[in-house]
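For reference, the structure discussed in these notes is given below.
The values are calculated or read from the model by the stated rules, or taken from the named source; none is laboratory data. It should be emphasised that the depicted structure is a prediction, and the values quoted were computed from it without experimental measurement. Counting neighbours? That spans all protein chains shown, and the Cβs are built from the backbone with ideal geometry, glycine included. Protein only, heavy atoms only, side chains kept; ligands, DNA and RNA dropped before computing areas. Shrake-Rupley method; radii C 1.70, N 1.55, O 1.52, S 1.80 Å.
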Amino acid sequence: MEQEKIEQQINELTLFEGLQREDLVYVYRGLFSQVITDSIIALTENNLDSTGESTKLKKRVFSIMVECLQNITRHQFIDGREDLTADQSGMFVICNKDKSYQMTSGNVVNKDAIPHLTELLEKVNSLDKDALKQYYKQVLEDGSISSKGGAGLGLIEMARKSGNKLFYTFEEIDEFISYFYMNTSISQQLDEAPIDFIDIQDVVALHKFVLQKNIMLIFNGGLNQKSLMDILSLINEQAFGRLERKKKMYNVMVEMLQNVVKHGVKCDANRPGGNPVIFYIAQNGDEFSLNAGNYIDNASIGKITSKINHLNSLNEEDLDDYYTKCLLNFDIDNSKEAGLGLVDLRIKSGHPIEYNIKEVNKDMSFILMQVTI
């Protein structure tokens, strides 16, 4: 069992390193509602504001995001299929890579719809800017608009506003349905030449990893108070079972994310935004694991690990006594020094705080903490 935990923590640190290389902003997998799509857009807005992107670029990104998210929302269920599993739920991925913002949507489609969808995508990808504008007018005038937004107007708009092709692929699920991945990219310099190629198989591989680990949400980026609230809004929409557990998970998430905001340090002082962090939630049977990682000064490692190890050694009664002792220690003038956030995590979760630390350089390391609910 101990070996399994070690291997799991190594995999999680590998995940973080991979996300840093890809500069992934976040992944969301699950049910898409209006509140969830609003929260995803708000997270992106906060990220773009912190990086100082132009108003024109932000408008294009938001416009395409809305089309992507609406497409997932419309098509996240298949008519006549009541047996779709969580593995077949919608997915949205956004990353900042190769001087572009890359957005990928994923949802199930009936196999018999693939030929028409492929024909439409190839048609859109074959047209230049002016021809796309004319095609949009033609479809608007001639196309039949279905209850799910038929006629492909959204696809045409995404190609027009991005200035790039729509890269896509289909992965078979069973004899009747497939999973449809579609990528739209916007160059950060809007006058740059169109992007010739996006390897969408990278997202397919990421999706398979997310499914294997049963991860519901990954956030990777600068975390500040605004983005913290947007993440919590996303989480509040999830079905975590009985109300008591949902409240516990929400409270633990608040403590974990606030802990990152308070204690994390930047690995790159020139990088805009809040403290860099990875946060993700995974499900294992009837349990959920909440994972948060951030950079810390090497000088503080001994103090942090000593605190966590001590808390993990205490039973419930001793934890309550320890919390009261810290709270009434007037020689310490703030809860950050007292480590009350870690004590709260330990008490509210009812489980030990798992952690792993990897040195980044002589000054700082990356710490990943995991709490099970």
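Worth pointing out:
- Positive dipole terminus of the stretch 117-210, leading residue within Leu166, Phe209, Ile198 (C-beta point charges): Leu166
- For the stretch 31-198, with all protein chains in place and a probe radius of 1.4 Å, 49% of the accessible heavy-atom surface sits on carbon or sulfur.
- Exceeding the 19 Å Cα-Cα cut-off - candidates Lys213/Lys262; Lys208/Lys248; Lys133/Lys161: Lys213/Lys262; Lys208/Lys248
- Normalising the average separation of contacting C-alpha pairs (under 8 angstrom, six or more residues apart) by the number of residues puts the relative contact order of the stretch 31-198 at 25 percent.
- Packing around the peptides 124-135, 348-359, taken as the average count of other Cβ atoms within 10 Å per residue, puts them in this order, highest first: 348-359, 124-135.
- 17 Å Cα-Cα reach of Lys246 towards lysines, excluding residues that sit fewer than 8 places from it in its own chain: Lys348
- Order by protection proxy (mean Cβ within 10 Å, highest first), peptides 231-237, 170-176: 231-237, 170-176
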